[in-house]
Structure formats: C-alpha cells, structure tokens
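Visitor: After the structure tokens below, expect a handful of questions from me.
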Amino acid sequence: QVFRLEDYRPSDWLIPRTSLTFRLDPDRTRVVAELTIERRAGVAVSTPLVLDGDGIALLAISVDGVPLEPGSYEATPQQLTIAAPPRARSFRLTIETETAPSANTALMGIYRSGGNYCTQCEAEGFRRITYFLDRPDVLSVYKVRIEARRAEAPLLLANGNPGPAGELADGWHFAEWFDPHPKPSYLFALVAGDLAEVADEFVTMSGRKVRLGIFVEHGKQDRAAYAMEALKRSMRWDEETFGREYDLDVFNIVAVSDFNMGAMENKGLNIFNDKYVLADRETATDADFANIEAIIAHEYFHNWTGNRITCRDWFQLCLKEGLTVFRDHEFSADERSRAVERIADVRTLRAHQFPEDQGPLAHPVRPRRYREINNFYTATVYEKGSEVVGMIRTILGAEDFRRGMDLYFERHDGEAATIEDFVKVFEDVSGRDLSQFSLWYHQAGTPNLMVSAAHDANAATLTLEIEQSVPPTPGESRKKAMHIPLAFGLVGADGNDIACSSVSGATVENGVIHLRKRRHVIRFEGLPERPAISLNRGFSAPVTIAFDQPLQERMLLARNDGDLFSRWQALTGLMSGALIEAAGAIRGRKAAKIAPELSQICLETVRSQALEPAYKALALTLPAEADIAREIGSNIDPDAILSARNLLAGVIATANADSFVSTYESLADTGGYSPDAASAGRRALRNVMLDYVTLATASPDIAARQYRGAGNMTDRAAALSVLTMRHPGSAEATEALADFEARFGNDPLVMDKWFQIQAIAPGDGAVDRVRALMTHPGFSLGNPNRVRSLIGTYTTANQTGFHRIDGAGYELLAEIALSVDPKNPQLSARLATAFRSWRSLEEARRERARATLSRIKAAPALSADLRDIVERTLA
Ligand code: ARG
Ligand code: ZN
C-alpha cells in the first residue's frame, strides 16, 4: 500500500479523551481503553467508525456501557469497524484487548526490555496496544492507570503528572497518571519495572518547580549524572534561546537496553536507548558524552517542537525532526565550540545524507509518498531537514528568525501543523517570499554548483560564474532552480577578507549570494588583485561544488581562511584531491605521489597557537574511505581507496614524525578527567597524533603503552583501535583485545565498542572475523545495539571488508537481514540500507550486490519494511 500526501483528509472522528487501564503481565497484559469518540462537525451521521489495529486480540467491546451485538462490528487484528455507530455526536467506546509484551520482538507497542515493561509508539506502534485513530492529527487528553505485581514492577510510570497510587489485592498495586496536554497517540508511553531513580529538580524561568527523574538499572545511577546535567542545561537553554518553558510537574527519562532508535520524546516520559544515557570515564568515550548531551537535548526540545506543536501527518515528519535537530545542533554549538560543532555536523551530513540523496533511496525532506513510514526516519528528514531550517535563518537573519519561531509557537501551539504553516510564519515576520526557497522541502537531490572564476586586473573585476543543477532522483527527473544562500568571502594574500566596491549579477546581502536562477554571472568591482574565493562559508547551503580553483588559492584558504569551517573545508578538499588522484594511480598501477605542501599545512595546523585542539583533530583526520568513494562517484574500487588513504596518512606521518611525537606527548592528560569540550578536544588531537605516530614509527609500542596506561575510555578505545587497524594480529593487539574483553565482558554497552573496533578492521578477513564474533556469548541478533555495533559498523564503516570482491560480505548481510526480519523488521530494513550505493561500485562488485539484493527480494514473507527498502534500492 502506498500512502500519498495529496490524499490527506481530516479524520471524521475525534477522540478528545482517552482513559487507559493496563493490567500488566509478560504474556497476558490486559488493556481497557475507554475512548470518548466525537463525530467531527459536518460529518454525516451515517459515517462508519474505523479504528487502526496491528495484531490486536479483542476481548470485549461496548458503547456507552452496553456490550455491542456480535454482528454490529467487525474486529480483525488490523482494524475495528463499527458500520453504524450511535447517532449521538459523542459516545463512550470501551475496548478490552490482550497483548503479550514478552512476545513483542519488533520493539514497537508494549514490549519487555531487561525485565521491564516499556513502550515505543512512534510512528504507528500505539495500534499494537489497542484499536485507535492512530494518526498524529488526532489529539487526546490521556488518563492512564497501571496495575502490576509490586514484586515485579515497583515502579509505574506514564505520561504527564502523577495521580493516586496504592495497593491492590494479591500483591498487586496501581498508579495513575494524568497528562493535561492533548497529544497524538505516538507520544503515549508507559514504563513499569524495577529501576533505580536519579532525582533532581529544575526551577523554570517563571519559578515553577519541576521534578526530574532519570531511571536506570540498579547500580548504574552514577552513570546517569552527566545526562542529568545535560538535561538541566537543555531546559535552561531552551528558555534563554527560544523562550520555551517546561509545562508539567515532572519530567522523566528511562534508559532501556532494547531500543530501535536513539530515543523517544514521549510527553513527560522520554524513553532512551541506554547508550545515550549512561556514561562515566571508565566506560564512555568523549564522543559518547557529546552524543548523550545532544540527544538528551533533542528529546527535551521536542516538548515544544513535536509535542506542543505536532505533525498533521507523517509526511510532515521533518516539521518536528529537522527543526529539533537544528535546535540540538545550536545547543551543542553554544555549549561547546561553534566551529567544531559545525564541522562535525557537516561531516555527518555528508557521510549519511549525501549518499542517500545521491542514490536510489533519495526522497525530498518532505516526502510525497511512502509505503512504510518507519523507513523515512532518515538522514534526509533529520539532517537535511535541519540544514533547511538553518538556511531560513541565514536568509532572514537571527532576529527575524527568532521572531518567526515566536510566531510559530504562538500561532500553532496545540495544533498538528504542516511545513506550509512553518514556512508561512517566516514569510509573515520578514515580508519575504519563500516560495522558491520551499523547494528545499519538496525537491530531492543534492544541488551541485559549477563554478568558474576570472579576474581582470586592468578592470579590477572578478567574475564568478555559477551554474546550479539538481540531479534527477527517483520519481523526479526534471528539477526547478532553487534559492541557494551561498555565504562567501574574498580572501587577500595576507589572509584577511577584502571588500569589493560593488557587486552585480545576484542579490548579495551580508556576505551571502542569493542564487535563484540556473546561471548567475556575478561581477565584483574594485579588486585590483585576484582574491582567493571562499565559497559556502559555514556550509551555508547543503550543496556540492565543482570549482577548479587554483591550488595556490586553495592552500591559502587552508592556511588562512577566517571562516574556520571553510578553512577546514579547504584542507579537507586538498586531501580529497590527493586521495582521488592517488587512488586512480593505484588502480592504474602507476606510482602515486603526494604534494609535500599538504604535509606542511598539516604541520602548521598542529603547531598553530590560535586554533583549538578539537579543530586541529578534525583538520588532521583524513576523509573517510566512504567520503572519497562518494566524491569519485562511480566505478568505485574500495581497495584502491584504502591503499591511497594509507599512503597519504603515511606521508603526512613520516614528514612530521618528530613534531607529532612531541605534540602527542605534550597533550597527555594531567591527572583528573573531565568530559568537557576543551579536555575532549585535547584527547581527540592526541589520539589523532597517536595514529600518525604509530604509522611513523611502524611500531605498536606507543599505542600499546597508551592502552595499558589509559585512565579513561576515550584513550583506551583509541589505543585499541589503532592497534587493531595498524598492527592487526600483533601480540600487542591481541593482548589489548583480550584485556578489554576481560575488563568489560559483563558490560554489553562497553563490549559494543569491542565489537565495533574489530568490525572496522579492513580487508578480506573481515567477513570471517564478523562471522566468528557473531558466535561470541556477548553478541545477540535480538538486541539492536549489538547488531548495529558489529553488523552495522561492518557494513557501513568497513568499505574493503564489506565490499569484498567475491560478494561474501553482501551474502553475510543478506543472511543476517533475513534472519532478523521476522523478529524486528525496522532493524532488518535499516541494515539493508547499507546497499544503497551499490550502483556506484565497479562492475564485479555491482553485479554481486545486485544478485544479493535480488535474492533478498525473492525471499518468502519479507516484512513490509525490508521489502520497501530492497525494492527501492533495486529499482
Ligand atoms: N522521534 C524520535 C526522535 O527522533 C525517533 C523515533 C523513531 N521511531 C521509529 N519507530 N522510527 O527523537
Ligand atoms: Zn527527534
């Protein structure tokens, strides 16, 4: 079944009030739903009532307290139909159903994790709990009563504020929760079990006290301290930055170990993958701490962008996700370093969204059709969706942007809104026409800018010719010209920006060129010397740029660009250029050579007094193999790319060996550990140096020493990773792997790192290594975190290992996807997206990938999720 945006119709029926009673049992949980059903004004009295279900077993049904006659309704697991509902405008429908949380392996609806009950309802999981109008534009006020055996589940949580609680017969007890804010069913949540609480308090800007709770497995309370701090900082930040205050008496977060995604913003009761809550120096890396901060913030920010203002339908998913990602990026930029955050965010966008946009799974930020909505929680909706919001701010300026956001909250609070509503507030506050800009929501594909520049010294003019094009994507062959806000600078020989006297050929405002036509010829006057052109500063638009810029200019920018993002971009661009050339040479069996200036710029960057260590770490990190593959674009040979990357790393390492050793030594942690951004930055740089130093010395000694002396997980994991990458099979690597396993064998979250590090190690041996690791007692195909750390890492971060030329990697993935699919379709579908760039591989691999995809497609009883991905990938 295909769902289409243009088919949207408001619901004939509304459910203003929902009262749920759960009697919890692992195998037979009873759910009584008492729904106040109301016919929407103007809807014919003869209209049938049809509620969504998914695998529902109906036990009893009544209307206004009177059981329905058997012939007067039809109940299938997928649907409840009452052909002739009461003629009254409003009536009470009571439905009793039964479900088995213990048998729920899809992790949607109500399920069991670590002996506790929990729920996940977005997008369409609520219909696995009871029949309902399970669509985001049906908002209801919920009252929830949970009954459970006290011994099994002393803790009973649901959305909203706590109400009465007490004892029942036979060792049972109950708790009631009331959420005064009308919400769609996807935000419903319930947690019951035996968990420890970390409690705190937050006083909002208007002086209201909010009780904060983070619930984790007993004994892990200390590992929730950082998440609690991050939560309080998020709450303060949203007040200060957007004027948004929290609106309930309690805010609870629960960490569970079986979760399909990162976390979920259920009203007042966020449920998290424990990976994004638990952290301390021994068990979590700096990257883990940063992720926790970002995701805690993200889910909290959803309270306004997602919950108070929700989505009219699932086509509008980016309305809440793109905007909330934008907000959490801003938060991290404010809490940490803006330039470093921006570089990291763009790297993520390019690594995840660009390949999506450039392959068979490309779709607009606001899709027009889907078969399985779970497959649209994508980098395009989230990451590109955030970029689009960022561009609105670039176009309007910070002040108008804020006024627009204020208007959005004022105008749409309590509503289920659309992208059109969102764009309109910015048009209204600024008086600008954003209709062309809106194409960013509607048109898929990464725009490309073809740029050429000519300088005329006599006339003192610089002419920039920019031609935009958007490549065809599935279902969209012809594209319209987009409004692209392109920030730029003209950099003089001394590294400072220079001003021109006038510009023509495009609107230029505050350092931003507004491209609106397919082709612009932009003339800058008053420039007797040719400046270096710094384009797309701050990555103001998510585009690719083809610009054959003179090497000298690119090196000037890599050394001096005042915009740190663009300075990083220039260096990374030089590295990519060198890598692409080297990969080509290696494939052609020619000698590859690397220009010495590149090593020199790396050295200057490391030695700079002005740059922060976190920036230096990013600058010295070579583009990933997948980045290089994407830039090459077609006929990819992952082996040649890996060789080129090792070659360049070796050249930079050898040229700068002494300096890198002393930098490595000078950055040693001096005692205390703190996860703050500055300390993390020093560790990041030190660990980048560790890799180079290991290459330069051709010895595992320094990494082995770091491993043994590591006082925190960042340094330990980095050393282990360098050992397994650079000295696989060495005594040092083997010993460190064994030590890690001995230390953390009982801690699945930490063991995920051990699986991950081994999954990345390149080459033909990876397939068998991964197979062997799958039999490790700590591994399980039933837990998404385990599957993602071993299998997901192998298929997405190990280019040579996964794309083994004989197709053994593809076959392994097929086997795993097919065995996971019957239990957890969301997970199998997600795994299968690793095939999305198959068409850009060289021929032998391409044919193997095609064969494997066809084999999956032909398998019996595929889930809708996996079928959708495989069919679109092959199409
Ligand atoms: N809304 C959640 C978040 O981004 C993600 C939930 C996705 N769930 C799903 N079944 N696809 O914060
Ligand atoms: Zn979200």
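The values are calculated or read from the model by the stated rules, or taken from the named source; none is laboratory data. Treat the numbers as computed from the prediction; the structure is a model and nothing was measured. Cβ coordinates were reconstructed from backbone atoms using ideal geometry, including for glycine residues, and neighbour counts include every protein chain displayed.
Visitor: Answer yes or no as to whether Val141 is closer than 27 Å to Pro101 by Cβ, of a type in the set (Val, Ile, Thr) and surrounded by fewer than 19 Cβ atoms within 10 Å (Cβ to Cβ).
Guide: Numbers: closer than 27 Å to Pro101 by Cβ: yes; of a type in the set (Val, Ile, Thr): yes; surrounded by fewer than 19 Cβ atoms within 10 Å (Cβ to Cβ): yes.
Yes.
Visitor: Looking at region 405-418, is at least one residue under 30 Å from Arg682 (Cα atoms), out of contact with any Ser or Thr (no Cβ under 6 Å at 6 or more places or on another chain) and more than 16 Å from ligand 1 (Cβ to nearest atom)? Full working, then the answer.
Guide: Within region 405-418, the subset under 30 Å from Arg682 (Cα atoms) is none.
No: region 405-418 contains no residue that is under 30 Å from Arg682 (Cα atoms), out of contact with any Ser or Thr (no Cβ under 6 Å at 6 or more places or on another chain) and more than 16 Å from ligand 1 (Cβ to nearest atom).
Visitor: All but one of (1) out of contact with any Leu (no Cβ under 7 Å at 6 or more places or on another chain); (2) touching a residue at least 24 places away in the same chain (Cβ under 8 Å) hold for Glu847; state the number of the condition that does not hold.
Guide: Against the list (1) out of contact with any Leu (no Cβ under 7 Å at 6 or more places or on another chain); (2) touching a residue at least 24 places away in the same chain (Cβ under 8 Å), Glu847 comes up short only on (2).
Visitor: Oh, and also: Report every pair of residues separated by at least 6 positions or lying on different chains whose Cβ atoms are under 9 Å apart, first residue within region 432-459 and at positive phi and of a type outside the set (A, V, I, L, M), second loosely packed, with under 14 Cβ neighbours inside 10 Å and at pLDDT 95 or above.
Guide: Correct list of pairs: Gly445/Pro472.
Visitor: Let me ask something additional. For region 364-372, does any single residue satisfy the condition of being within 12 Å of ligand 1 (Cβ to nearest atom), charged (D, E, K, R) and over 19 Å from Asp413 (Cβ atoms)?
Guide: Yes, because at least one residue in region 364-372 is within 12 Å of ligand 1 (Cβ to nearest atom), charged (D, E, K, R) and over 19 Å from Asp413 (Cβ atoms).
Visitor: Based on what the data block shows, is Asn303 within 12 Å of ligand 2 (Cβ to nearest atom), within 17 Å of Lys183 (Cβ to Cβ) and either at pLDDT 95 or above or surrounded by 23 or more Cβ atoms within 10 Å (Cβ to Cβ) (or both)?
Guide: On the way: within 12 Å of ligand 2 (Cβ to nearest atom): yes; within 17 Å of Lys183 (Cβ to Cβ): yes; either at pLDDT 95 or above or surrounded by 23 or more Cβ atoms within 10 Å (Cβ to Cβ) (or both): yes.
In short, yes.
Visitor: Mind checking whether some residue in region 437-446 is part of a helix (DSSP H, G or I) and aromatic (Phe, Trp, Tyr)? First the steps, then the outcome.
Guide: Restricting attention to region 437-446, the residues satisfying the condition of being part of a helix (DSSP H, G or I) are 439-442.
When the remaining residues are screened for being aromatic (Phe, Trp, Tyr), the result is 440-441.
Scanning region 437-446, I find at least one residue that is part of a helix (DSSP H, G or I) and aromatic (Phe, Trp, Tyr), so the answer is yes.
Visitor: In this structure, does Glu330 turn out to be modelled with pLDDT of 95 or more, buried (at least 23 other Cβ atoms within 10 Å of the Cβ), among the acidic types (Asp, Glu) and within 15 Å of ligand 2 (Cβ to nearest atom)?
Guide: Details: modelled with pLDDT of 95 or more: yes; buried (at least 23 other Cβ atoms within 10 Å of the Cβ): no; among the acidic types (Asp, Glu): yes; within 15 Å of ligand 2 (Cβ to nearest atom): yes.
So Glu330 fails the test.
Visitor: For region 64-93, which residues satisfy the criterion of being surrounded by fewer than 16 Cβ atoms within 10 Å (Cβ to Cβ), within 18 Å of Arg128 (Cα to Cα) and not hydroxyl-bearing (Ser, Thr, Tyr)?
Guide: Of everything in region 64-93, those that are surrounded by fewer than 16 Cβ atoms within 10 Å (Cβ to Cβ), within 18 Å of Arg128 (Cα to Cα) and not hydroxyl-bearing (Ser, Thr, Tyr) turn out to be Glu74, Pro77, Gln78, Gln79.
Visitor: Okay, moving on. Within region 766-815, take every residue that is closer than 25 Å to Ala851 by Cα and aromatic (Phe, Trp, Tyr) and give me the one that is farthest from the chain's Cα centre (by Cα).
Guide: Let us first name the residues in region 766-815 that are closer than 25 Å to Ala851 by Cα, namely 766-772, 774, 781, 787-788, 790-815.
Imposing the further condition that a residue be aromatic (Phe, Trp, Tyr) reduces the set to 794, 802, 810.
Details: Tyr794: 18, Phe802: 22, Tyr810: 24 Å.
Across region 766-815, the extreme among qualifying residues is Tyr810.
Visitor: In region 667-695, which residues are outside any loop (DSSP other than H, G, I, E, B) and either modelled with pLDDT under 95 or among the aromatic types (Phe, Trp, Tyr) (or both)?
Guide: Step one: list which residues in region 667-695 are outside any loop (DSSP other than H, G, I, E, B), which gives 677-695.
Selection gives Tyr692 alone.
Visitor: Taking the condition of being touching a strand residue (DSSP E or B) at 6+ places or on another chain (Cβ under 7 Å), assigned to a helix (DSSP H, G or I) and more than 10 Å from ligand 1 (Cβ to nearest atom), how many residues in region 277-313 meet it?
Guide: Going through region 277-313 one residue at a time, the tally reaches 0.
Visitor: Of all residues in region 509-552, which are free of Cβ contacts under 8 Å to residues at least 60 places away in the same chain and outside any loop (DSSP other than H, G, I, E, B)?
Guide: Correct list: Glu509, Ile513, Arg519, His520, Val521, Ile522, Ala532, Ser534, Arg537, Leu551, Gln552.
Visitor: Still on this model: Please name all residue pairs, on different chains or six or more residues apart, with Cβ atoms under 9 Å, provided the first residue is in region 1-13 and is charged (D, E, K, R) and the second residue is in a loop (DSSP other than H, G, I, E, B).
Guide: The qualifying pairs are Arg4/Arg368; Glu6/Arg368; Asp12/Arg40; Asp12/Val43; Asp12/Ala44; Asp12/Thr47; Asp12/Pro48.
Visitor: With (1) aliphatic (A, V, I, L, M); (2) part of a loop (DSSP other than H, G, I, E, B); (3) within 14 Å of ligand 1 (Cβ to nearest atom); (4) crowded, with 21+ Cβ neighbours inside 10 Å as the list, and Met261 as the residue in question, which single condition is left unmet?
Guide: Going through (1) aliphatic (A, V, I, L, M); (2) part of a loop (DSSP other than H, G, I, E, B); (3) within 14 Å of ligand 1 (Cβ to nearest atom); (4) crowded, with 21+ Cβ neighbours inside 10 Å one by one, Met261 breaks only (4).
Visitor: Of all the residues that make up region 99-152, how many are under 24 Å from Thr378 (Cβ atoms) and among the small types (Gly, Ala, Ser)?
Guide: Result for region 99-152: 4.
Visitor: Out of curiosity, is Gly778 more than 16 Å from ligand 1 (Cβ to nearest atom), surrounded by fewer than 20 Cβ atoms within 10 Å (Cβ to Cβ) and closer than 16 Å to Phe755 by Cβ? Spell out the reasoning first.
Guide: On the way: more than 16 Å from ligand 1 (Cβ to nearest atom): yes; surrounded by fewer than 20 Cβ atoms within 10 Å (Cβ to Cβ): yes; closer than 16 Å to Phe755 by Cβ: yes.
Criteria met by Gly778.
Visitor: Would you point out the residue of region 373-401, among those that are under 20 Å from Arg630 (Cβ atoms) and in contact with a Pro (Cβ under 7 Å, 6 or more places away or on another chain), that is nearest to ligand 1 (Cβ to nearest atom)?
Guide: Lys384
Visitor: Say we look at region 725-764 and pick out the residues that are assigned to a loop (DSSP other than H, G, I, E, B) and among the charged types (D, E, K, R); which of these is surrounded by the most Cβ atoms within 10 Å (Cβ to Cβ)?
Guide: Only one residue fits best here, namely Asp747.
Visitor: Identify, please: which residue in region 234-266 is small (Gly, Ala, Ser) and away from ligand 2 (no atom under 14 Å from the Cβ) and is, among those, farthest from Glu330 (Cα to Cα)?
Guide: Step one: filter region 234-266 for residues small (Gly, Ala, Ser), giving 234, 243, 255, 257, 262-263.
Right, trim to away from ligand 2 (no atom under 14 Å from the Cβ) and you get 243, 255, 257.
Details: Gly243: 15, Ala255: 25, Ser257: 28 Å.
Filtering first and then ranking leaves Ser257.
Visitor: Given the condition among the aliphatic types (A, V, I, L, M), within 16 Å of ligand 1 (Cβ to nearest atom), part of a loop (DSSP other than H, G, I, E, B) and under 30 Å from Gln826 (Cα atoms), answer yes or no: does some residue in region 324-331 qualify? Step through it out loud before you land on a result.
Guide: To start, the set of residues in region 324-331 that are among the aliphatic types (A, V, I, L, M) comprises 325.
Right, trim to within 16 Å of ligand 1 (Cβ to nearest atom) and you get 325.
Now narrow it down to the ones that are part of a loop (DSSP other than H, G, I, E, B): none.
No, because not a single residue in region 324-331 is among the aliphatic types (A, V, I, L, M), within 16 Å of ligand 1 (Cβ to nearest atom), part of a loop (DSSP other than H, G, I, E, B) and under 30 Å from Gln826 (Cα atoms).
Residues are listed down the side, and each one gets a yes or a no for (1) surrounded by fewer than 17 Cβ atoms within 10 Å (Cβ to Cβ); (2) touching a strand residue (DSSP E or B) at 6+ places or on another chain (Cβ under 8 Å):
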{"site": "Gly115", "(1), (2)": "yes, yes"}
{"site": "Glu124", "(1), (2)": "no, yes"}
{"site": "Tyr131", "(1), (2)": "no, yes"}
{"site": "Arg149", "(1), (2)": "yes, yes"}
{"site": "Gly171", "(1), (2)": "yes, yes"}
{"site": "Tyr186", "(1), (2)": "no, no"}
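Visitor: Here's something else I'd like to know. Is it the case that region 333-356 has a residue that's within 16 Å of ligand 1 (Cβ to nearest atom), more than 29 Å from Asn510 (Cβ to Cβ), part of a loop (DSSP other than H, G, I, E, B) and not polar (S, T, N, Q)?
Guide: No; the residues of region 333-356 include none that is within 16 Å of ligand 1 (Cβ to nearest atom), more than 29 Å from Asn510 (Cβ to Cβ), part of a loop (DSSP other than H, G, I, E, B) and not polar (S, T, N, Q).
Visitor: If you scan region 408-436, which residues turn out to be part of a helix (DSSP H, G or I) and either basic (Lys, Arg) or under 26 Å from Pro16 (Cα atoms) (or both)? So that I can check it myself, show each step before the final result.
Guide: The initial filter retains those residues of region 408-436 that are part of a helix (DSSP H, G or I), namely 408-412, 419-430.
Residues satisfying the conditions are Tyr408, Phe409, Glu410, Arg411, His412, Ile419, Glu420, Asp421, Phe422, Lys424.
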